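Here is the structure we will look at.
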Amino acid sequence: MKILKLSLISLFTIGLTACKKDVKTTDPSKDSLAAKKDSVVVPEVYKEYYGIYMGDFAGKGMVTSEDGETYEGEIYKRIALKINRITKDSVYGQSIVDGNQRPFRGVFNETSKSFILDEPGNDKTDGRFEVKLNNDSLTGSWNAFNKSAVKAPNKILKLVKKEFVYNPNFMLNENNDLIDWENPKDFVEKYTDEETGKTETYTESRNRIASDAVFKINASKQKLTEKDLKNLRKLDMEIIKNAVFARHGYAFKKQTYRNFFEQTDWYIPVSNNVDSELSPLEKENVALLNRFIKYAEDKYYSFGR
């Protein structure tokens, strides 16, 4: 009898377990809801407007001159607006200014061919773009959410659609200004009056300048050697190295490099990180350049501006 009871209990337990498994795997409501959720795809529209629009980003604000005087002047920058996705209800993309990449979301009005695009608002530089599309150009305005946090809280945009293309042959134009205006260095000089014999000291501000080597050496195409680099100036090697990143659309935060590459017609900032895009040759050359940059010296000259 005990054996019979145990057998009946075991059979009953197995039966319950089987029923539970059947219920779990055959619940139609949960499976259909999950499938429906996974299958919902919001359709994209106006894909012909996708892309990068680049150009002027300027407004009036308080400017400090080299002698420390503050006055109201024109604050001029370059901006890239990248429209990534448009649906019936939303527009998604990003803005890049001074190497600062910010996402935005907004709406598109097909009747007026205009966008209203809001940056998140959690950064002091965030604001709202109100721009109108005309063929391949965008024009309009930007207004800061926090007007006291930026020098020019209201700016005008004049942008043209650009296509980003990586090309290892891209180089700086030979008529580019090779002076690093952003990092002047003070040098103490001595002056001796020939008549009195009295010697005085004074401070002179000088700027770094690159050599013509930046027009000849291409770290995206040629394998660099120590011999190629040993006589170069520090700024030379910094430009040669960062030209690699510029070709891949790196958004430079340092104004020194922006000043050089924004003078070209091919530089289009698209990302804050392009490390994965570099070729094996470029990675090898960048590593070698970093070693030499660490110990290289600069040449400084006096310039008026």
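Just so it is clear, none of the values below were taken in a lab; they were calculated from the coordinates. Keep in mind it's a predicted model, so treat the numbers as computed, not measured. Every residue, glycine among them, receives a Cβ derived from its backbone with ideal geometry; neighbour counts consider all protein chains shown.
Only one residue of 205, 117, 237 has its Cα farthest out toward the positive end of the dipole of the chain, where Lys and Arg carry +1 and Asp and Glu -1 on Cβ, and that residue is 117. In the chain, helical runs assigned H by DSSP with n ≥ 4 each contribute -39500 (n - 2.57); averaged across all residues and rounded to the nearest 500, the mean residue ellipticity at 222 nm is -7500 deg cm²/dmol. What angle, in degrees between 0 and 90 and rounded to the nearest 10, separates the Cα long axis of helix 234-247 from the longest principal axis of the Cα atoms of the chain? Taking Cα atoms only, the helix is inclined about 40 degrees.
Applying a DSSP loop filter and a limit of 13 other Cβ atoms within 10 Å to the trypsin sites (Lys or Arg not before Pro) in the range 53-99 leaves 88.
For helix 28-39, what angle does its Cα long axis make with the longest principal axis of the chain, in degrees from 0 to 90 and rounded to 10? It works out to around 20 degrees.
Need one word for the range 94-185: rounded, prolate or oblate. Basis is the Cα gyration tensor (sqrt eigenvalues a ≥ b ≥ c); a/c below 1.5 gives rounded, then a/b vs b/c decides. Verdict is oblate for the range 94-185.
Where is the GNM fluctuation largest for the chain (alpha-carbon springs, 10 angstrom cutoff): 281, 157, 117? The residue with the greatest mean-square fluctuation here is 281.
Exactly which chymotrypsin sites (Phe, Trp or Tyr not before Pro) in the range 198-304 are in a DSSP loop and have at most 11 other Cβ atoms within 10 Å? Show your work: numbers first, answer last.
Details: sites: 202, 215, 245, 250, 252, 257, 260, 261, 266, 267, 292, 295, 300, 301, 303; in loops: 252, 266, 267, 295, 303.
Answer in residue order: 295.
Cross-link reach is defined here as a Cα-Cα straight distance under 19 Å, omitting same-chain residues fewer than 8 places apart; for residue 132 the aspartates and glutamates meeting it are 48, 56, 89, 110, 118, 119.
In debye to the nearest 20, how big a dipole does the chain give about its Cα centre with +1 on each Lys and Arg Cβ and -1 on each Asp and Glu Cβ? Before the final figure, lay out the partial values.
Working: 49 positive and 46 negative charges, 446 e Å.
It works out to roughly 2140 debye.
Entry note, the chain: relative contact order of 14 percent, from Cα contacts under 8 Å with a spacing of 6+ residues. Here, P(r) means the percent of Cα pairs in each 10 Å bin from 0 to the largest distance; for the range 47-162 it is 14, 47, 28, 9, 2, 0.
Which of the residue pairs 162/221; 77/221; 88/161; 151/254; 82/254 have a Cα-Cα distance greater than 28 Å in the structure shown? Write down the numbers at each step before the final one.
On the way: 162/221 24 Å; 77/221 31 Å; 88/161 22 Å; 151/254 18 Å; 82/254 21 Å.
Table pairs above 28 Å Cα-Cα are 77/221.
Loop sites by DSSP among the GluC sites (Glu not before Pro) of the chain, restricted to those with at most 11 other Cβ atoms within 10 angstrom, leave 196-296 as the longest stretch without any of them.
Which of rounded, prolate, oblate describes the range 209-283, given a ≥ b ≥ c as roots of the alpha-carbon gyration tensor eigenvalues and a/c under 1.5 marking rounded, otherwise prolate only if a/b is larger than b/c?
Values: a/c = 2.04, a/b = 1.26, b/c = 1.61.
Here the range 209-283 falls in the oblate category.
Orientation-averaged projection of the chain equals 31.3 nm² [convex hull of Cα atoms, one quarter of hull surface area]. Sparsely packed loop sites in the range 116-180 (the trypsin sites (Lys or Arg not before Pro) outside DSSP H, G, I, E and B with at most 12 other Cβ atoms within 10 Å) comprise 124, 147. For Cα pairs less than 8 Å apart in space and 6+ apart in sequence, what is the mean separation divided by the residue count of the range 179-301, i.e. the relative contact order in percent? RCO, the range 179-301: 30 percent.
Note on the chain: with a GNM built from Cα contacts shorter than 10 Å, the maximum mean-square fluctuation among 220, 112, 95 falls on 112.
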